[in-house]
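Notes to accompany the following structure.
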Amino acid sequence: MSQDLAEVYRTTYRALVRFLYRKVWDAARAEDLAQEAFARAVVHKPDNARGWLFIVAANMARDDARRAARERRHLTLLKAEPQTSESGADDALHVESERTHVRAALEQLSPRDREVLLLWDAGISYEEIAAQTGLARGAVGTTLARARRRLVEAYQAGQRGEHVARG
Amino acid sequence: MSHVDDGTLHAYLDGELTPAEAQAVEAHLAQCPDCRGRLEEERALIARAGELLALATPPDRALPPFRSGDVRPPRRLWWQVRLPVAWAATVLLALGIGTYLGSRSAASWQRVVTDQAGPVPAADSVAPVRSRAFVQRAVKRAPPVSLAEFSLDSARALLGREPVVLPGAPIRALRRAHLPGYAAAVVIEQQLDSGTVVQLVEGRRAEMRMDAVVAERVAAPSAAAERTRAPQAAAQAPAPIRPVRLVDQLEVTISGPLPLDSLTQLLRRVAPLKAQSVTGP
């Protein structure tokens, strides 16, 4: 691995895992895919490794989701609904439940809004986001504003729904 | 100037406007209380969205060593053959045709090539044009895109307060940084003398649960990767401990090619930019 790519690995690996995790929702799988993306970067030696990695990772996550959907078509995808009614004091479960809520909120965004939000959160600049998503650079801020607002609203709606359900 | 739209406010708060655009926004904000109110709302929204995303984060582990053993050469389709290979194939093909045509006169390889260069336009006129276009494209793509460089004003907007700097040291670079656990963070590089640059990383913490914060800090140094990089790196402290200071609600850390106690002393001198005059890069 070249010095440059080693540096990109050091600075970008975690952001890439985070980005992938929010697509596949499985930490081990996200790490595998991130490693695979870097392995491909070693072979391809792209000019802009960071941008390239996120494009490749997004494609891999999409393929992964398709395959997963094929494999467990008969299962409910979102089976991890909150199970915290008994053990609100259990921190691990609490974190898990919040994560489930954020995931549900993220999945209510349009694919493009979600992609822009996740890329931004992974440290990608507006300019690179525009290049990767095909948006005009001037539209990235508007898209991000909408994505953030919808994420917060969907999360709050989910919380309210749960409170109502709990009675 | 008409009111500032949401997209522009977000771009402004994200530090993604050009200095001229940011100035225009600030000029409008200065005389429009409505937009100032919206600015604060959008700032809170951005922070909240960042906090929610931080909840959807995989358990942080130390940076694993790069598994180079996993590298599988990807399948390459015929139109994705690497350029050098394509050129080599073209040259071989040309030589082959040349040998075939030139076989009657028992010409040397040299001869064949020069013979073919004249009459066949493909070798001489087409190739340079194509390679020039290729180089131009390569040059266009060349600038490596790293963390966005931006202005002090943008840093101010992003942090929601005065950036904290070392008084008197010229600022060499200013970047937005994404750090897990921080709602907003910037990196400021300052030149101490001709050979020494220190890096200040400062940010506002996202409201996170304490254990998550602790886990981040444990994993942060990425010692494994650092050690594989160079023998000098291994000679240094294996887990770089960075001094941290809280200034005006900003967490500030410092790093640079200096001993830890010097860095700690420098960190004691940092202060909000406000009254200081600092020369730009």
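The values are calculated or read from the model by the stated rules, or taken from the named source; none is laboratory data. Model, not experiment: these values are computed from the prediction. Heads up, the Cβs are rebuilt from the backbone with ideal geometry, glycines too, and the neighbour counts pull from every protein chain shown.
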- Query: Which one of the conditions (1) over 20 Å from A:E115 (Cα atoms); (2) crowded, with 23+ Cβ neighbours inside 10 Å; (3) of a type in the set (K, R) does A:R18 fail to meet, given that it meets all the rest?
  - Reply: (1)
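Of all residues in the range B:1-56 being assigned to a loop (DSSP other than H, G, I, E, B) and among the small types (G, A, S), which is surrounded by the most Cβ atoms within 10 Å (Cβ to Cβ)? Explain how you work it out, then say what you get.
First, pick out the residues of the range B:1-56 that are assigned to a loop (DSSP other than H, G, I, E, B): B:1-5, B:14-18, B:31-32, B:56.
Next, from what is left, pick out any that are among the small types (G, A, S): B:2, B:15, B:56.
On the way: B:S2: 7, B:G15: 25, B:A56: 21.
Checking each candidate, the answer is B:G15.
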- Item | Among the residues listed as A:L77, A:L109, the single one being modelled with pLDDT of 90 or more, surrounded by 11 or more Cβ atoms within 10 Å (Cβ to Cβ) and assigned to a loop (DSSP other than H, G, I, E, B) | A:L109
- Is it the case that some residue within the range A:113-135 is within 8 Å of another protein chain (Cβ to nearest Cβ), over 18 Å from the mean Cα position of the chain (by Cα) and at pLDDT below 95? yes
- Query: Which one of these does A:A58 not meet: (1) modelled with pLDDT of 90 or more; (2) over 30 Å from B:Y12 (Cβ atoms); (3) more than 11 Å from chain B (Cβ to nearest Cβ)?
  - Reply: (2)
